[in-house]
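For reference, the structure is listed below as structure tokens.
The values are calculated or read from the model by the stated rules, or taken from the named source; none is laboratory data. All values reported here derive from a predicted model rather than from experimental measurement. Here the Cβ positions follow ideal geometry from the backbone for every residue, glycine too, while neighbour counts run over all protein chains shown. Each accessible area value is taken on the protein alone, full model and side chains, heavy atoms only, with ligands, DNA and RNA left out. Shrake-Rupley method; radii C 1.70, N 1.55, O 1.52, S 1.80 Å.
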Amino acid sequence: MANIAQIAIRFKGLQIQNRLSTAIKTCKPALYSTSVGAPSSAESIATVSKKGKVSKAMKAYLERAKAHDEFMKIQNLEFKLGKRHLANMMGEDPETFTQADIDRAIQYLFPSGLYDKKARPLMKPPEEVIPQRKAAEFDETGRPFHSMFYTGRPNYYKLLFDIVGYLNNLNAFEDRMIRKQLTPDPTQQIDTSGSEWLSKDVLEKMLLEDISEIEYENFVNVMTRLIQHPYSYREKAFIDQYRKPLLAKTDADQIPTPQLDENGNSFITVYECLRKSARADVTIIAPGTGKITINGQDITYFESVQPREQVLFPLIFSDMVGKVDVVANVEGGGFSGQAGAIRWGIAMGLRSFVDADTIDKMRMAGLLQRDYRRRERKKPGQAGARRKYTWKKR
């Protein structure tokens, strides 16, 4: 019986030892993924070559990464070759030809009158033109690196997690200040006028993930809660990463002071109101009865409805209908250009009679932005600016 018991104990010990060795071998990839981190595509390929087994997801990723690296290598070579040709055409040294020189040469050789700068010809490094691609989110065995991988949008939820962490830190700091009987400094509050949150498209490019409208609203709500905290200025650097200026606060924000006429009414005159070929001078008088005078006539100076709506839009948007009088003198251009010039002059003049919040709303609506668009010229060999002649085989 003693021999049988010893044999059983020895057999049980061998089983335990085999289980421990199997567990250690199984845990090695997990230890590698947590201690080393996400390897690059080259390291992953080298690791896969050493280890025969690889998951289908990782194999597909490595194939796409290899194809992308080859594609970017070709694009970089073509960019460098085109840069040398462009420098030779401009009579410059290719070795000292910078990106600013490239932009200047493109603008000189391929002049374009298109309003949208993104539609104009450009020559940039491939890294700036081709969208970025996400790195590997799992190792060769299929284990994800990111703790929020299974949420489907790890970068988005990691951002929300960081925001909550900042809020908790601010709350803890506020508790310490309360115990010391100290209050926050109101002069250090973050000024949000003249800026707005990043749009949904820009945020998606930053996160390299697609998010829904509800998720974007949740992001805005939690960031608004963070910025409303009395000590939010401590995290100003983080908040500024997700805000963009509406317009450069230069001459546009230097609001003129109204003058007084012989009747004691305040008035402001805006000169050089331009739109296409039209040029106008607009005077806003307050208080007023809502009278609009254009070249000595009322608003019926414009026969169609669309120009009238353009003229009235700044007054309706700022809730100043019936509160001010408008006197405009306009010349040149057609009805559309004249209405656009008067509209911009009215919007710029109303800044002296409304509050700062209304000015920010007008800026966001685009009322304070001058419209530089013009009619695009006809191109030689074409029927119009964009229209082509009908192609005939015979």
Of 203-213, 172-182, ordering from highest average Cβ density within 10 Å down gives 203-213, 172-182
Full extension between Val305 and Arg373 adds, at 0.36 nm per residue less the Cα distance, a length in nm of 22.3 nm
How big is the gap, in Å, between the Cα center of the stretch 213-232 and the Cα center of the stretch 262-311? 41 Å
Set the bar at 22 Å for Cα to Cα. Now go through Lys244/Lys323; Lys80/Lys124; Lys73/Lys118; Lys73/Lys200 and name every pair that lies beyond it. Lys244/Lys323; Lys73/Lys118; Lys73/Lys200
Given labels modelled 7 Å from the Cα in the Cβ direction, how far is it in nm from Lys80 to Ile255? 5.6 nm
Set the Förster radius R0 to 35 Å, insert the Cβ-Cβ distance between Lys56 and Phe161 as r into 1/(1 + (r/R0)^6), and round the FRET efficiency to 0.05. 0.70
Förster radius 51 Å - calculated FRET efficiency between Asn218 and Lys393 (Cβ-Cβ, nearest 0.05): 0.35
Between Phe335 and Ile178, what FRET efficiency follows from the Cβ-Cβ distance if R0 is 51 Å, with the result rounded to 0.05? 0.20
Leaving out ligands and nucleic acids, and using a 1.4 Å probe, what accessible area per residue does the stretch 98-242 come to in Å²? 64 Å²
Potential extension, Asp191-Asp319 segment - 0.36 nm per residue separation minus Cα distance: 43.6 nm
Please compute the length gained on full extension between Asp201 and Gln382, using 0.36 nm multiplied by the number of residues separating them and subtracting their Cα-Cα distance. 61.6 nm
Could you work out what % of the accessible surface of the stretch 149-245 is carbon and sulfur, using a 1.4 angstrom probe and leaving DNA, RNA and ligands out of the count? 51 percent
Which value, in debye to the nearest 20, gives the size of the charge dipole of the stretch 56-129 about its Cα centre, when Lys and Arg are +1 and Asp and Glu are -1 at the Cβ? 400 debye
